[in-house]
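The values are calculated or read from the model by the stated rules, or taken from the named source; none is laboratory data. Keep in mind that what you see is a predicted model, and the values were worked out from it rather than measured. In this analysis, Cβ positions are derived from the backbone assuming ideal geometry, glycine residues included, and neighbour counts consider all displayed protein chains. The area values use the complete protein model at the heavy-atom level, side chains included, leaving out ligands, DNA and RNA. Shrake-Rupley method; radii C 1.70, N 1.55, O 1.52, S 1.80 Å.
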Amino acid sequence: FQPKISPENAQRMLAGIREFIRTHASLLASTRQNRTPNFLVTNLMPTVAAFLPDGAAVMERQFAEFEREWPDPAPAKLLRASWLDAQPGNYLRPAALPPPSATREPDVRALLASAATSPNTVFARQALARLAEREFADPASLPAAQAHFGEYGRRFANAPDAWIAALRLAQVERAQGRADASTAGFVRAAATYADDAVV
């Protein structure tokens, strides 16, 4: 709850976490959240690295090494995007997080866009969905959100959450003041996913 870790032990712990993930790399692609090592990377490692004088720089190096070591660099980019986007209030104790940066948002989006090109559909779907949702939340990025939700629907038409992208496309039209196109989009989504009562 209130750990106190010497710098030497912090280094050893980080090395141990990295070794665990390296030898269980297949867990990175698990579709079961409680089976992925994401928590280790985005929560435990920053907590341990906070006990080092250059904790944020250590985390940056960890992500660079993950990209080099893992068979597919996409999960490293996804996790780095989560780390860049983390807020101190999300942690119960000090964490080694990146300093405030004017390029944080474009950096996060660039990582997600790169991860979305992964041949692994688990990583590509996560990255593309997260990217499109970020853009949807920003009125200035609605055209990009429209393009990425459309891409999601085309690339992952059989995904269990493809209906969300279809509804988001209609919402983008509405947000841009195109009522007729928005209505048509909702009707199209309802017809395409007629078996889903929510849609």
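The convex hull of the Cα atoms of segment 1-110, projected and averaged over all directions, covers 7.1 nm². Only Lys, Arg, Asp and Glu carry charge here, each on its Cβ (+1 for the first two, -1 for the last two); on that basis segment 62-199 has a dipole of about 80 debye about its Cα centre.
On a per residue basis, the convex hull of the C-alpha atoms belonging to segment 116-171 measures out at 65 Å³. Take 137-145, 122-130 and order them by the average number of nearby Cβ atoms within 10 Å per residue, most first; the result is 122-130, 137-145.
With only the Cα atoms considered, the chain has a convex hull volume of 135 Å³ per residue. Average accessible surface for segment 149-199: 60 Å² per residue, computed with a 1.4 Å probe over protein heavy atoms with every protein chain in place. Considering every Cα-Cα pair within segment 135-199, what fraction, in whole percent, is farther apart than 21 Å? Result: 18 percent of Cα pairs exceed 21 Å. Each peptide among 147-155, 189-197, 98-106 gets the average number of other Cβ atoms lying within 10 Å of its residues, and from highest to lowest they stand as 147-155, 189-197, 98-106. For the chain, the mean residue ellipticity at 222 nm estimated from helices alone is -19000 deg cm²/dmol, where every DSSP H run of n ≥ 4 contributes -39500 (n - 2.57) and the total is divided by all residues, rounded to the nearest 500. Sorting the segments 48-56, 165-173, 7-15, 86-94 by their residues' average number of neighbouring beta-carbon atoms within 10 angstrom, most packed first, yields 165-173, 48-56, 7-15, 86-94. Converting the Cα gyration tensor eigenvalues of segment 21-73 into ellipsoid dimensions via √(5λ) gives semi-axes, longest first, of 21, 14, 7 Å. Split the accessible area of the chain by element, probe 1.4 Å, and carbon with sulfur accounts for 56%.
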